[in-house]
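Here is the structure we will look at.
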Amino acid sequence: MMNRTDKFKSTIRSAVCTPRNRLLNYLDPPVLVLLYHRVTSLLYDPEMLAVTPDNFRSQMLFLKKTFPVVRFEENWAKVPKPAIAITFDDGYADNFLEALPILEEVGVPATFFVSTGTIGTSKEFWWHELERLILEKQDTPLSFTLEDDRCGRVWPSGDLKERQEFYQGIVQLMTNADAAQRDNWLAQLRRWASAEDAIANTHRAMTIEELRQLSRSNGVTIGAHTVTHTQLSSLPPDKQREEIVASKKQLEAWLDREVTTFSYPFGKRCHYTSETVTLCREAGFTKVAANFPGQAHRWTDTHQTPRHLIRNWPIETFTEKLRGFWTR
Ligand SMILES: [Zn+2]
């Protein structure tokens, strides 16, 4: 929900930005990069990451008939514009099982940024385990005490409203944590919920073989997305370098080809630093994707390429949103 101040700010922003961006688009038609995570049908999707196969197919068909769809890693100075590039983050199994057949059927290219730590482990990403433990399980205690020297606290968890607040609070905390801390907190939560370290098959990442098959498709490019999907700005530079370089090397070993693109986990400006950008250049990435709205012009920093997050929109909403994305 937007409060009145936010609404006012947003009105002012669009009053200033829309004419400015229109002028910039006139001077240099841009590439618009779209960000997807999942293509599948889920009963429960609190992070709103999944687009149904039907909506995804309609979106791809519309893009294919309306714009040049270019590859993320291409030199955009040389492509007809305005153009669209399609990207996916994280490496869910449904990228291979459900998105790829539609991309191939429609004939549009896409780049998949993959976190290597979950590939081939059958593990779900930590945010899905939180959903399962906190929001879906009904028979848990009335409160949860997080044991941690710095971040320890108690959340009531008696009813749905409390659980939702608990879930939002701990997601926030875990976004700022490193992998070891997160694993420790998840173990505490599993004990609290008397849950096994179970795998929800609907939320798993690709197997190595699925990733290999995905990468062999003509229109597909694989990019890196760290090992453990940790917010890079919360890590010291040597740990950041490890996450960035190790994910690139692992993908290159699995796929036997050079990996030249990367996307920042979470991807907002607060989730990485100027050091992160330098580390990515040093690691040999030629283009890097962020996760804030904007248009990619010839003067846009190639190592902080803006992207627009796509939700499970039916085609009417999608086309309307897309119109706004050219100037937002
Ligand atoms: Zn991600």
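Students sometimes get this wrong: rank Lys81, Lys321, Lys9 by accessible area, probe 1.4 Å, all chains present, largest first.
Values: Lys81 65, Lys321 85, Lys9 115 Å².
Reading off the accessible areas and sorting them downward yields Lys9, Lys321, Lys81.
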TODO: Within the range 139-194, report the trypsin sites (Lys or Arg not before Pro) that DSSP leaves as loop and that have at most 16 other Cβ atoms within 10 Å.
DONE: Arg150
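Given contacts defined as C-alpha pairs under 8 Å and at least six residues apart, what's the relative contact order of the chain, whole-number percent? Please list the in-between numbers first.
Working: 565 pairs, mean separation 73.3, N = 328.
Computed value for the chain: 22 percent relative contact order.
Only four residue types carry charge here, +1 at the Cβ of Lys and Arg and -1 at the Cβ of Asp and Glu. Report the dipole size of the chain about the Cα centre in Debye, rounded to the nearest 20. Show your work: numbers first, answer last.
Numbers: 41 positive and 41 negative charges, 324 e Å.
For the chain, the charge dipole is close to 1560 debye.
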- [ ] Kindly report the accessible area of the range 126-192 per residue (heavy atoms of protein chains, probe 1.4 Å, no ligands, DNA or RNA), in Å².
- [x] 52 Å²
- [ ] Give, as ranges by residue number, the residues of the range 81-123 whose backbone N falls under 19 Å from the point 7 Å along Cα→Cβ of Ile208.
- [x] 91-93, 96, 114-123
Task: Angle between the chain longest axis and helix 4-27 axis [Cα atoms, degrees, rounded to 10] - done: 30 degrees
TODO: Give me the angle, in degrees from 0 to 90, between the Cα long axis of helix 237-255 and the longest principal axis of the Cα atoms of the chain, rounded to the nearest 10.
DONE: 70 degrees
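Please go through the range 285-328 and write out the chymotrypsin sites (Phe, Trp or Tyr not before Pro) that DSSP classes as loop and that have at most 13 other C-beta atoms within 10 Å. Show your work: numbers first, answer last.
Details: sites: Phe285, Trp299, Phe318, Phe325, Trp326; in loops: Phe285, Trp299, Trp326.
Those satisfying the criteria are Trp299.
Could you tell me the ratio Rg/Rh of the range 126-192? Both radii from Cα atoms, Rh via Kirkwood. Present the calculation step by step, with values, prior to reporting the outcome.
On the way: Rg = 10.8 Å, Rh = 11.8 Å.
Rg divided by Rh gives 0.92.
With each run of n ≥ 4 DSSP H residues scored as -39500 (n - 2.57), what mean residue ellipticity at 222 nm is computed for the chain after dividing by its residue count and rounding to the nearest 500 deg cm²/dmol?
Working: 10 runs with 128 residues, N = 328.
My calculation for the chain gives -12500 deg cm²/dmol from helical runs alone.
For the range 117-204, which GluC sites (Glu not before Pro) pass both filters: DSSP loop (anything but H, G, I, E, B) and at most 15 other C-beta atoms within 10 Å?
Numbers: sites: Glu124, Glu129, Glu131, Glu136, Glu147, Glu162, Glu165, Glu196; in loops: Glu147, Glu196.
When the GluC sites (Glu not before Pro) of the range 117-204 are filtered for loop state and at most 15 Cβ neighbours within 10 Å, Glu147, Glu196 remain.
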Task: Of all accessible heavy-atom area on the chain, the percent that carbon and sulfur account for (1.4 Å) - done: 52 percent
TODO: Taking the dipole about the Cα centre of the chain, with the C-beta of Lys and Arg at +1 and of Asp and Glu at -1, give me whichever of Trp326, Val51, Thr118 is farthest to the positive side.
DONE: Trp326
Open item on the list: With angles folded into 0 to 90 degrees, how steeply does helix 179-192 sit against the dominant principal axis of the chain? Use alpha carbons for both and round to 10.
Closed with: 50 degrees
TODO: Please report, largest first and rounded to whole Å, the three semi-axes of the ellipsoid equivalent to the chain, where each semi-axis is the square root of five times an eigenvalue of the C-alpha gyration tensor.
DONE: 32, 24, 21
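Considering only the other residues whose Cβ falls under 15 Å of the Cβ of Ser157, what net charge follows from Lys and Arg at +1 and Asp and Glu at -1? Intermediate results must be reported in sequence, preceding the final value.
Numbers: positive: Arg132, Lys137, Arg153, Lys161, Arg163, Arg190, Arg191; negative: Glu131, Glu136, Asp139, Asp159, Glu162, Glu165.
Surrounding charge for Ser157 is +1.
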- [ ] Pick out, from Asn95, His303, Trp185, the residue whose Cα sits farthest towards the positive end of the charge dipole of the chain, with +1 on the Cβ of Lys and Arg and -1 on the Cβ of Asp and Glu.
- [x] His303
Task: Those lysines that a straight Cα-Cα span of less than 17 Å connects to Lys137, excepting residues fewer than 8 apart in one chain - done: Lys161
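Might you report the magnitude of the Cβ-based charge dipole of the range 126-192 about its Cα centre, with Lys and Arg at +1 and Asp and Glu at -1, to the nearest 20 debye?
On the way: 9 positive and 12 negative charges, 9 e Å.
For the range 126-192, the charge dipole is close to 40 debye.
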- [ ] Return the FRET efficiency for the residue pair Glu47, Leu23: r is the Cβ-Cβ distance, R0 is 35 Å, and the value is rounded to the nearest 0.05.
- [x] 0.50
Task: Those lysines that a straight Cα-Cα span of less than 27 Å connects to Lys64, excepting residues fewer than 8 apart in one chain - done: Lys78, Lys81, Lys287, Lys321
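With a ≥ b ≥ c taken as the square roots of the eigenvalues of the C-alpha gyration tensor of the range 197-242, please select rounded if a/c is under 1.5 and otherwise prolate if a/b is larger than b/c or oblate if it is not?
Working: a/c = 3.27, a/b = 1.39, b/c = 2.35.
Oblate, because a/c is 1.5 or more while a/b does not exceed b/c.
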Open item on the list: If I model a spin label at Thr121 and Thr145 as a point 7 Å from the Cα along the Cα→Cβ vector, what separation in nanometres do I get?
Closed with: 2.9 nm
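The values are calculated or read from the model by the stated rules, or taken from the named source; none is laboratory data. Remember, it's a predicted structure, so these values are computed and weren't measured experimentally. We place every Cβ from the backbone using ideal geometry, glycine too, and count neighbours over all the protein chains shown. Accessible surface is based on the protein model in full, side chains and every heavy atom, while ligands, DNA and RNA are left aside. Shrake-Rupley method; radii C 1.70, N 1.55, O 1.52, S 1.80 Å.
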